[in-house]
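Below: one structure, written as structure tokens.
Since every read-out is calculated from the coordinates, none of them should be taken as a lab result. Predicted, not measured: the structure shown is a model, and the values here were computed from it. Glycine gets a Cβ as well: all are built from the backbone with ideal geometry, and neighbour counts include every protein chain shown.
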């Protein structure tokens, strides 16, 4: 078995090495898996198996024509001491601290994010509607928030919902809002008080609130520089090694080429739905996994001539735009594009089985970018890279919690950990994914392996 200099192994032509039981197997090589591996390295025997030919999962970067693109925005919101120290120690000087500059585009107006506390730049009639209906909602104090749609109406009033909350989140999730719970909200949707909304409507400078007012990003190399740095500290990573079946009874995994691997402990970070469906879990667990929902994200990356936009990203709630967000990679770091150029990303979501004609969608997006003056003409586009995330956002539908209880109760009995954004089937951010990996490793440290 030939080892590459960066310690990543190709999964081909070396299967005889798996004749013995592996103490710990980690499925996937995204941030959660790599963080677990980092903590286990030198202390426990383990192997990471990754289906792609490179590590990182969606936390990776692709270079095309000297432009660097991530899989849309991957930013580090650091608030916990252990994870913050971990990232700082790894990236050292290769880390930039940024104050969020995000806006919402609405009928030619750019409104600061979050929308609900930055109504100042709206036309007077729309601003008045939003303030009036917000005050009504606050005074009514209704508690019947049985789904996200009801919660938003009761919290913000019908006008803030009409102009932003409903159209944006419908585009983001590609799922009916009255079929979604409120379990995902956390800090992702800021809930201001009356004074803050009034201040934001009639004074310009409202301070940033929300879960991401300050974030970090690598100075060089894109987000891949973080996952590559973690991977460089781990000895046993098998790339191009897709696990296609899990036998919980025999505690074996089957690779795509038919090779079987026996394990003692298992950490799964791959999408939970796919992990369970490709296993011999009981019918009740399989049925629960079938009910899990997610969307699909199409990401159109472009290298373009330098633009005057300084925002990190802009939200587009209106239906006339197919995309829900445009982000500017080079406003995270100018080193992601050649001099006098920018790299950007545009995101479109569909249902999990949805399909869009990517070429037609790209052609329409180019027209929109001209209208928005992000580009002037076709010649401003230097390169295009179209990618997609099969598993984009987990959908917090009304069946999710019940289904997850069935699945995780079963996995607990099997002594299997499934964690991270997709392994834990949740809406989370990168630092939380690192923390998930650390916590999975801590569980295994307590066992006599």
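Tabulated results
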item	result
The chain - Kirkwood radius from inverse mean 1/r over Cα pairs (Å)	23.4 Å
Relative contact order (%) - the chain, alpha-carbon pairs under 8 angstrom, separation at least six	25 percent
Theoretical FRET efficiency, 1/(1+(r/R0)^6), r = Cβ-Cβ of residue 445 and residue 138, R0 56 Å, to 0.05	0.70
Cβ-based exposure ranking for 352, 93, 129, in which fewest neighbours within 10 Å come first	93, 352, 129
Fewest-first ranking of 419, 259, using other Cβ atoms within 10 Å as the exposure measure	259, 419
Relative contact order computed over the stretch 115-211 (Cα-Cα under 8 Å; 6+ residues apart), in percent	40 percent
Where labels lie 7 Å past Cα in the beta-carbon direction, separation of residue 99 and residue 21 in nm	5.7 nm
Beta bridges by DSSP in the chain, antiparallel share as percent, to the nearest 5	70 percent
Per-residue Cβ neighbour rank within 10 angstrom, fewest leading, 343, 418, 279	279, 418, 343
Estimated FRET transfer efficiency when R0 is 35 angstrom, pair residue 128-residue 371 (beta carbons, to 0.05)	0.80
Rounded if a/c under 1.5, otherwise prolate or oblate - the stretch 330-377, Cα gyration tensor axes	oblate
Three-way shape call for the stretch 217-338 based on the alpha-carbon gyration tensor, with the a/c threshold at 1.5	oblate
Additional length obtainable on full extension of the chain from residue 52 to residue 414, 0.36 nm per residue less Cα span	127.6 nm
Fraction of alpha-carbon pairs over 11 Å apart in the stretch 370-411 - percent	78 percent
Cα gyration tensor category, rounded, prolate or oblate, for the stretch 296-394 with a/c compared to 1.5	prolate
Proportion of all alpha-carbon pairs of the stretch 115-211 beyond 24 Å (%)	18 percent
